[in-house]
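The values are calculated or read from the model by the stated rules, or taken from the named source; none is laboratory data. For clarity, every value in this text was computed on a predicted model and none was experimentally measured. Glycine also receives a Cβ, built like all others from the backbone with ideal geometry; neighbour counts cover every protein chain displayed.
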Amino acid sequence: MAALIRRYGTGLTGIIIALTTFWLIVLVILPYFDLFESSFRPYLPAADVGGPKDVYSLSNYITIFQNPAEFNIGLFGFTFPISVAIHMWVFVLTILFSVLTTLTSLVLCYPLAYYMAKVIDPKRLSTFLLLLVVPMWVSELLRAFAWFILLAFKGPLTIVLQNLGIITDPIHWTWGLGGFSGVIVTLVYVYILFMLFPIYNSMTSLDTNQLEAAQDLGAKSWQTHWRVVVPHCKPGIASGCVTVFMLAVGSLLVPTLLSSPSSRWFTEVIYSRMFDENDWNGGAAYAFILLFVCTIFVSLTMRLFKVGLADIAK
Amino acid sequence: MTASVELRGVTMDFGTYRAVDNVDVKIEPGEFFSFLGPSGCGKTTILRMVSGFIEPTKGDVLIGDQNMKGIGPNKRPTAMIFQNLALFPLMTVWENIAFGLEMRGVDKPTRRKRAEELLELVELPGVADRFASQLSGGQRQRVAIARALAVEPKVMLLDEPLSALDLKLRQHMRAELRAIQKRTNVTFIYITHDQGEALAMSDRVAVMSRGEIQQIDVPQNIYNTPANGFVASFVGENNKFVGQLTSSKKYKTDVGEFAVTLGQGVTAQSKTRLYVRPEHVTFTAKPKAGTNAIAAHVEDVSFEGNFASIHMRDKTGRRLTAELRNDPTNPPPAVGSATNVTFDAEKALVLLDSDATAYAEKE
């Protein structure tokens, strides 16, 4: 504080602090608090709000465990029928497919980041980076829409493959993986740079001599990666995974646009409670379930892989 | 476990730049061999070709009479000690040392035991479970040596590993490295731009300049009978005089004609210079006729303890330097006095000027 005043003077320091406080309280804390508070209250007609029926309860949260339905899980050619609450099932699938999105991005980005950080001629790197970044200048909506068109039934991908003689009948590209293939592909495309850059950054800080030392001591390529590169890049990998996972879980646009008859994302459930049913209280409760569970899930995963929050911030 | 290393007609080009030019050298098993030269002379490139990180453009690298062409660095019987040591920061000391064994699938108890033994060998017991960042510079050095020795290399490659240490420690580690080399009898190839290191530790030294070897010899000969002007200038200090050979034993310069000794390949036609080491210079008030003498004016005397450096100028303004062993009964001439600098014909070397000499002076 004293250092800020010394550097910027009392007036400017005051403005900086006032703006920060305004942003934090009015734009972050108050809306969240309002939503959090309303999530414990029942959805009532306007006349009853504040009346005797308007009491705090967990009923908005408990809804997720209600309304069981039959689902069939196909695994290794067998089909298992299970009975789960509908919203619970959507929630579990959303987490699972977000994990799949994250892992797919990781598998794609690790070799690419290594290539950019350690293999490519530095003179060509800027061109390479530009080619990666330019598509991201287009809005997320348009990028998702591009995949919507590409993967459409009887769309460009089908036509090209048909003309090449690889397939004969048109394919529902978004119906694979239990109806989530279109969502996964597009989520990976939309968020891939959030995975690439943290890993790339951590790899550039790896001393090339370490790679050579490992190789010199007899390590094969995969051994060098497993024992030297991956441990060094763990914070970057963790950072990329957390970001992509959180973005994927919270995405509404992509799952809506690239949906198939059997795909439903948890954010769509929240959206429909808020806007179709006008039940903001219920929607808020679901939004907080998503937030809390994902935060716990990410923390546990980080604990499992022995990564601290401070490592990620680096 | 030791092996010879031979380079046959080895050339390395990076694009249009020739880093190493047709080098031939045979390093004997168990030898401590140094490549000495200024930065950019190609010595590190040679080391990287022996270790297998790069393949020569032309020529062959042989280790123990086996041609290494197409054999990757992880398959060669060499171990390298990097300039920055390249210890793995996320592994403990013993894991670092046992890394090579781990890669070979040796089980954990055996690895641990071997790491402890090697720590004994480099005289650094009791740090097995620490991390490299918790060790001092000298200790890290020893860990790097132990890590390289763990894979039982036949040839050890050292890329200026002492350059990051302070002077005292550097001198101590010189003796240490030499002792470890004698104890293990592994062939050591040592890269350095520090002539003191190369001369003090090596069995033989190769002096390099611009990708070519200028001289390969034992340290005494490198210093006392340099092959050419580059070697003389790069290794040690000199008083230099440009001149012309008048007869087989006489050399004419702008400050007189001197009786000299001729270096390798010197003829009356060749472009040459006269080199006199500062420690070979003596002072005489009235030189006898026929001795090599130059009248000089003393500008500065710096007393270093065991010796004193006397800086002078001759009548043409050329700087001359003499080094005198400390002797209270025979003090150096006073600053401002006029004196005569003398030197023996045996210690006045006329050496070939090469392009390399000009290069060394620019450095």
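Taking the stated definitions as given, is residue A:211 in contact with a helix residue (DSSP H, G or I) (Cβ under 8 Å, 6 or more places away or on another chain) and either within 12 Å of chain B (Cβ to nearest Cβ) or buried (at least 24 other Cβ atoms within 10 Å of the Cβ) (or both)? Give the derivation first.
Details: in contact with a helix residue (DSSP H, G or I) (Cβ under 8 Å, 6 or more places away or on another chain): yes; either within 12 Å of chain B (Cβ to nearest Cβ) or buried (at least 24 other Cβ atoms within 10 Å of the Cβ) (or both): yes.
Yes, satisfied.
Out of the residues in segment A:182-215 meeting the condition of being in contact (Cβ under 8 Å) with a residue 40 or more places away in the chain and over 23 Å from residue A:242 (Cβ atoms), tell me which one is nearest to the chain's Cα centre (by Cα).
My answer is A:182.
How many residues does segment B:78-95 contain that are touching a residue at least 60 places away in the same chain (Cβ under 8 Å) and under 18 Å from residue B:191 (Cα atoms)? I'd like the intermediate steps shown before the answer.
Quick first cut of segment B:78-95, residues touching a residue at least 60 places away in the same chain (Cβ under 8 Å) only: B:78-85, B:87.
From what's left, under 18 Å from residue B:191 (Cα atoms): B:78-85.
Qualifying residue count for the region: 8.
If only one of A:234, A:220 is within 11 Å of chain B (Cβ to nearest Cβ) and under 19 Å from the mean Cα position of the chain (by Cα), which one is it? It would help to see each step written out before you state the result.
Details: A:220 fails: under 19 Å from the mean Cα position of the chain (by Cα).
That would be A:234, the only listed residue that is within 11 Å of chain B (Cβ to nearest Cβ) and under 19 Å from the mean Cα position of the chain (by Cα).
Which of the helices (runs of 4 or more DSSP H) contained wholly in segment B:23-131 include at least 2 residues that are over 27 Å from the mean Cα position of the chain (by Cα)?
B:93-97, B:99-103, B:108-121
Is segment A:64-73 home to any residue that is touching a residue at least 24 places away in the same chain (Cβ under 8 Å), surrounded by 10 or more Cβ atoms within 10 Å (Cβ to Cβ), out of contact with any Phe, Trp or Tyr (no Cβ under 6 Å at 6 or more places or on another chain) and closer than 24 Å to residue A:278 by Cα?
Yes; the residues of segment A:64-73 include at least one that is touching a residue at least 24 places away in the same chain (Cβ under 8 Å), surrounded by 10 or more Cβ atoms within 10 Å (Cβ to Cβ), out of contact with any Phe, Trp or Tyr (no Cβ under 6 Å at 6 or more places or on another chain) and closer than 24 Å to residue A:278 by Cα.
When the residues of segment A:252-308 are filtered to those that are within 30 Å of residue A:142 (Cα to Cα) and of a type in the set (Phe, Trp, Tyr), which remaining residue is surrounded by the fewest Cβ atoms within 10 Å (Cβ to Cβ)?
So, considering only residues that are within 30 Å of residue A:142 (Cα to Cα) and of a type in the set (Phe, Trp, Tyr), the one surrounded by the fewest Cβ atoms within 10 Å (Cβ to Cβ) is A:275.
Any residue that is farther than 20 Å from residue B:179 by Cα, surrounded by 17 or more Cβ atoms within 10 Å (Cβ to Cβ) and either touching a residue at least 24 places away in the same chain (Cβ under 8 Å) or not assigned by TED's automatic domain parsing to the domain that holds residue B:91 (or both) - is there at least one of those in segment B:133-144?
In the first step, residues of segment B:133-144 are kept if they are farther than 20 Å from residue B:179 by Cα; the result is B:133-136.
Next, from what is left, pick out any that are surrounded by 17 or more Cβ atoms within 10 Å (Cβ to Cβ): B:135.
Now narrow it down to the ones that are either touching a residue at least 24 places away in the same chain (Cβ under 8 Å) or not assigned by TED's automatic domain parsing to the domain that holds residue B:91 (or both): B:135.
Looking for residues that are farther than 20 Å from residue B:179 by Cα, surrounded by 17 or more Cβ atoms within 10 Å (Cβ to Cβ) and either touching a residue at least 24 places away in the same chain (Cβ under 8 Å) or not assigned by TED's automatic domain parsing to the domain that holds residue B:91 (or both), one finds at least one in segment B:133-144, hence yes.
Name the pairs: first residue in segment B:66-77 and within 14 Å of chain A (Cβ to nearest Cβ), second residue hydroxyl-bearing (Ser, Thr, Tyr), Cβ to Cβ under 8 Å, at least 6 apart or on different chains?
B:73/B:51; B:76/B:51
Going by what's in this entry, would residue B:149 be described as under 22 Å from residue B:75 (Cα atoms), within 12 Å of chain A (Cβ to nearest Cβ) and in contact with a strand residue (DSSP E or B) (Cβ under 6 Å, 6 or more places away or on another chain)? Show your work before the answer.
Working: under 22 Å from residue B:75 (Cα atoms): yes; within 12 Å of chain A (Cβ to nearest Cβ): yes; in contact with a strand residue (DSSP E or B) (Cβ under 6 Å, 6 or more places away or on another chain): no.
Judged against the criteria, residue B:149 is not a match.
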